[in-house]
Structures are given as structure tokens and as C-alpha cells.
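Written out below as C-alpha cells is the structure these notes cover.
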Amino acid sequence: QYDAPLGADANLIHVGDRDVHVLARMRQPEVMVLGGLLSDDECEAMIALSRDKLRPSTVVDPERGDENLHADRSSEGVFFQRGEADLITRVEQRIAALTHYAVEHGEGLQVLHYRHGGEYRPHFDYFPLDHKGTARHLQHGGQRVATLIVYLNDVQSGGETIFPDVGFSVVGRRGNAVYFRYMNERGQRDRKTLHGGAPVLAGEKWIMTKWLRERPYI
Ligand code: PD2
Ligand code: ZN
């Protein structure tokens, strides 16, 4: 079952200090593509803040719950604490205004950098209940309920965010974003939100991800 979607009939969403354009919408799964969430300068500043801090990305081990390097995820990234810099505070407030999840429900922002050939194979962002390692993750804020991915640059070729089970993909553009929600108020998770980052065929790709939790994430 699906809850009422975010911004159901809006073409423009006011998020405090900016107006964000709704560019596309899907109902099942709930996906919304947004234009102009960040300015060009803000995207550049997020990249500049991250460039020297990047580390190879990891994936969660399904049994133990710890983080490991994995061929499914060829990127490098950095996690920021909530409110770690003025820019991050501003962006987090904007995301809260947009998603209606309070800033405290967000994990720290993650910036990811994919080089030529880099990809993130299809996965779910929520923690699978049948994995032993999940209990550990649920202790902090419970389940993940929704994801916002912000594109920080234009990719020359490839690098879309793909939803393979519903035949949909989002071509990133600097400052734009994709929001998708996979857990409803009854705690049901939506397997149609299987998604991945297609290989970058030319150029490089920078994104920023905000994962949202059902309860405050501490
Ligand atoms: O880089 C992407 O497009 C992508 C794809 C799938 C990012 C994520 N998942 C994520 O950050 O969860
Ligand atoms: Zn993901």
C-alpha cells in the first residue's frame, strides 16, 4: 500500500530559501525528480569540501552488519556529520523542508565520486529484515524510509540512477535531485525501489545522498 505521495500535485515546491521544480513523478514506486535543489555554486562547494576526504566506498555485510569493500560499488566517498559546515546545515534544512522529515531523521550527508567505469549495482537502501547484520543498523533511528540523491555535476555519458524493475532511469544534472520513498507508515517496504548507479561511460560523476530514517538518527 502507498501513502499519499510527497508534493502530490505541486509543480513547484517552496523549500524555505529556494523554489524547487518537480520534473517527473512516479507513483508506484514513489519517485520524484526535482530541478534546482542546489545552486551551481553550492554543488561546486560541496565537491570542494569533499575532494580531499574521499575514501573507497564500502557495502554493508549482510551477516555481520559491518562495512566492507565490494565490487558492487566502485566509487569513493565521504560522510559528513549533520551540521558539520554552514553549507551542510543549509542543505540539510532545505532537505527537511522538502521531504517533511526533520533534520534529526537524516543520516549524515554522503558525497560520492565515481570515475570512468564506476557504478553502484542495483540494491535496496533499506536494511533487509532477514539479514543478521540488520539489527545493529536498526538500533540507530530504525529503518531507512526514503532517499534523496542530489547530482553535483553533469556526467558526459552514463551514470544514470536506474530503477531496473520499473524500467525507469534518472539522468543527473547539476543541482537536480531524485527522491524516492520505500517504507510506508505501516512499515511495509517497497521492492520496486530496487535501484543502482549505471556505469559512468565518459567523464565523472559526483552525487550527494541523504538517507532518511523512521526515527531520529543518533
Ligand atoms: O549514484 C547513484 O546514482 C546511486 C544509485 C543507487 C546512489 C545510490 N544508490 C545511493 O547512494 O544509495
Ligand atoms: Zn542506493
Global geometry of region 11-98, whether rounded, prolate or oblate, following the gyration tensor of its Cα atoms and the 1.5 cut on a/c: oblate
Equivalent ellipsoid dimensions for region 124-218 as semi-axes, Å, which come from the Cα gyration tensor, largest first: 27, 14, 12
Selection from P128, V171, Q139, by position along the positive dipole direction of region 121-218 (Cβ): Q139
Alpha carbon centroid spacing (whole Å) that separates region 116-158 from region 22-46: 17
Listed residues G83, G159, G167, most fluctuating in the chain (Gaussian network, C-alpha, under 10 Å): G167
Only Lys, Arg (+1) and Asp, Glu (-1) charged, at Cβ; region 85-183 dipole about Cα centre in debye: 60
Highest-first arrangement of 173-182, 17-26, where packing means the average Cβ count within 10 Å: 173-182, 17-26
Set of lysines near K205 by C-alpha distance (under 20 Å), chain-local residues within fewer than 8 positions excluded: K53
Value of Rg/Rh across the chain [Cα atoms, Kirkwood radius]: 0.93
Overall form of region 17-61 per C-alpha gyration tensor (a/c, 1.5; a/b vs b/c): oblate
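Rule-based calculations on the coordinates, nothing more; no lab input. Every value quoted in this text rests on a predicted model; they were computed, and no experiment measured them. FYI the Cβ positions are ideal-geometry reconstructions off the backbone, even for glycines, and counts take in every protein chain you see.
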